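A short worksheet on the structure shown next.
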Amino acid sequence: MAFCWNCGKQLEGEAELCESCRADTSVAAKPGNNGADNASGDAAGSAPSRESLAEQYKLSFRGDSGTFFKIWISNLLLTVLTLGIYYPWGRANMKRYIYSSTYIGDHSFEFHGKGKQMFIGLLKFSAITLLLFVAAIVAMVLAGGFGVALTSIFLRVLLVIAYMPILGLFIHGARRFRMSRTSYRGIRFGYRGKKKSLIWIMTKGALLIPVTLGIYTLWLINNMRSYIYNNTKFGNMKSEFTGKSSDFFWMKVVGTFLSYVTLGIYYFWYKKNQFYFFYENLCFKKDGAVIEIVPKATPRQFFSLIAGNWLILIFTLGIGYPIAKVRTLRFTADNLELVGDVDLNTIIQTEEQYRDALGDAAADIDDSADFFDLDVF
Amino acid sequence: MVLKTQAFYFDGLTSAPHNVELTLDTSLKDLSFTNSGGNTVSSNISDIKYETCNDRMEISFKGMEMPVFVENREFIDEAKSLFGSKAGIYQELINLKLETFLLITPIVILLIIAVYVIATPFVAKAAVTLIPVTVDVRLGKLFLDKFAGETRVDSAKTALLNEFASHISWGNNIELNFHVVQSGMVNALALPSGDIIVFTGLLNKLDDYETLAALLGHEITHINNRHSMQSLCKGLIGYALITVLTTDFSGLATLIIDNVNRLNNLSYSQTMERDADDGGLILLEKNGIHPAGMLKLMNVLQSAGKGDEIPDIISTHPGVEKRIRHIKPKVPEKTYGPRPELERLFEDLQDNR
């Protein structure tokens, strides 16, 4: 009687895949496949991997600015020649390269988004924006008889009530798309948040930001981030973000204030605090085990990065952008450490998650509205 | 020749890699491996899709959802030469040497500039034709409302000016309304709604009816050619184009480019002003009024010290000197018949001072 190495359910005859969790039954049946001496071994049940967790967890960015420059210029050239139409394909190219160059251990992320899907999504996004613009004009034409003051209030209200929630909808779609098109070690990410939640958060923002003279914006940003990262899955792992909006607010306010008062010197401490705030409050969990992120950079290192990038951009009149971008990506990878007790060979994708990913694949919304997204995930 | 190498793939169900041995038969042009289920997966290399990134090759077999990864340098080089280059202009570009890009880059920059300079006004003009004139009118009325509340309209002179204008054929497609406003400002402006405002500061400095007609002709040309709407569209399209091309730029580059866009918008305004001068000349000519009126208008502006303080490059109007130089050769030598009704109305406008 054979049992699934992964979930323990009884296997049906000679089935290749477990009916319950779809784990490959042959994996455990043939340990040490083909005598490979690849450091990442097989997920042979609870047997520990030959590779240490530290080796598994090592973050690195292996891209180089030369290749990135070629990709960037090629994209620009094709975008100009097609009067902008190539733009989504260009973005897909960039993302693919960045993801494929970002490694955890010996394996990189993969981006599966296709230019065509992103193009359709971009069209939808543009169409809705254009529609809102036309609606504003129509509103102006109709309300014109009521005078300027009333019309401008009307337009402002329309913008807030219509656009912010719609943006929430787009961010939702963008996240779903990006997560479903992101994989690591063959396992897809997934965003399981509800549409109405992001729409509601954005609507609240639309209403409270003017009332609080802009202060609520910081709550909005943190609430969005919090919701998104608390509803993101990676196979049977899930992410969690515990950063408090009030902490975020103080960090930003104090940071901005002190940066001005010190004529910019504090700015690098401020950037460091922002970096730490995000990563220290983010973790990945699986069945009670956790992977945490430990940021390491010092303000001085931030100074090197930022000042260096500015010099590069100024002296190359912007052409050196790929160098600055690669520097930043490498900096991020070099200054983050993953710490935890999850064997990265033991993540599984359930049937339900797999189907969800396919469902997402049918949702043709692109991630052009990814204001709240960071490139690491 | 038969090449073998270590490779691995993920099955999409668990995160553990499956290590396999990949076999490439260069004579049979066949690539194969045995998966962890014991089945042999093989394919002719013509059905293979591949991508290389950071010393790693990703091979997609037809019908297999997950790719196979190879990290063996020699195998990758051999396989690449056998597989041939992938179709697609993007791949061709990426495979070029980095040095070649030092040549491509300036070409790309020039192309971007060319598209921006040529395509934007062209697309803006096309976009304007899609927008109904009613929108122009509404936009203009919005401003007029604001204006009316803040200025002193001289109703007597307004009536006179409207009568003056009614004797001239302007080729307009929307209703024109003229307003005289009491103000020291030496200026006049045209709203897209067909409302033209002339300040007494300028009105009192005009010498004769030809100059007044030239002024009105200039302003009405703005309206006839829908310059306001063109400006709006051009600004939006220019901005959209810039956003698309530079989204991946840093804040600094975007800032620079944004300001270039702003400067460019100003120069477009200068083009429109020149168009209005030209249009005004044509309207005068068509109505049998001496186009020299336009020159006289320029002289009035010059003596009022208008338009010379601001350097051309950041002004919405070309400098008066420049305008005079442009208009002078277009003023014909011939004489034009008198227009007593216009002369009378003009006198009335001045008399009520």
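Just so it is clear, none of the values below were taken in a lab; they were calculated from the coordinates. The shown structure was predicted, so the numbers you read here are calculated from the model rather than taken from an experiment. FYI the Cβ positions are ideal-geometry reconstructions off the backbone, even for glycines, and counts take in every protein chain you see.
Points to keep in mind about this one:
- Using every pair of separate Cα atoms, the Kirkwood estimate puts the hydrodynamic radius of the stretch A:219-334 at 16.0 angstrom.
- Within chain B, helix-based [θ] at 222 nm, where runs of 4 or more DSSP H residues each add -39,500 (n - 2.57), nearest 500: -16500 deg cm²/dmol
- Size of electric dipole in the stretch A:195-315: Cβ of Lys, Arg +1 and of Asp, Glu -1, about Cα centre, debye, nearest 20: 240
- Distance cut-off 15 Å, percentage of C-alpha pairs in the stretch B:2-90 lying past it: 56
- Here the residues A:296, B:97, ranked from fewest to most Cβ neighbours within 10 Å of their Cβ, fall in the order B:97, A:296.
- Taking the fewest neighbouring Cβ atoms within 10 Å as the starting point, the ordered list for B:73, B:56 is B:73, B:56.
- Sorted on the mean count of surrounding Cβ atoms within 10 Å across their residues, most packed first, peptides A:208-219, B:118-129, A:335-346 read A:335-346, B:118-129, A:208-219.
- Here the relative contact order of the stretch A:252-324, from alpha carbon pairs under 8 Å that lie six or more residues apart, stands at 21 percent.
- Share of alpha-carbon pairs per 10 Å distance bin for chain B, given as whole %: 5, 18, 20, 14, 9, 8, 8, 9, 7, 3, 0
- Peptide-level mean, for A:311-324, of C-beta atoms on other protein chains within 10 Å: 3
- Between the listed residues B:34, B:162, B:85, the Cα displaced farthest toward the positive end of the dipole of chain B, a dipole computed from Cβ unit charges relative to the Cα centre, is found at B:162.
- Using the Karplus relation 6.51 cos²θ - 1.76 cosθ + 1.60 with θ = phi - 60°, the per-residue 3J(HN,Hα) values for the stretch A:189-195 come to 7, x, 10, 10, x, 8, 3 Hz, with x marking Gly and Pro.
- Both numbers refer to the Cα atoms of the stretch B:80-129; Rg and Dmax are 17.3, 55 Å.
- Projecting the alpha carbon convex hull of the stretch A:268-311 along each direction and taking the average yields 3.3 nm².
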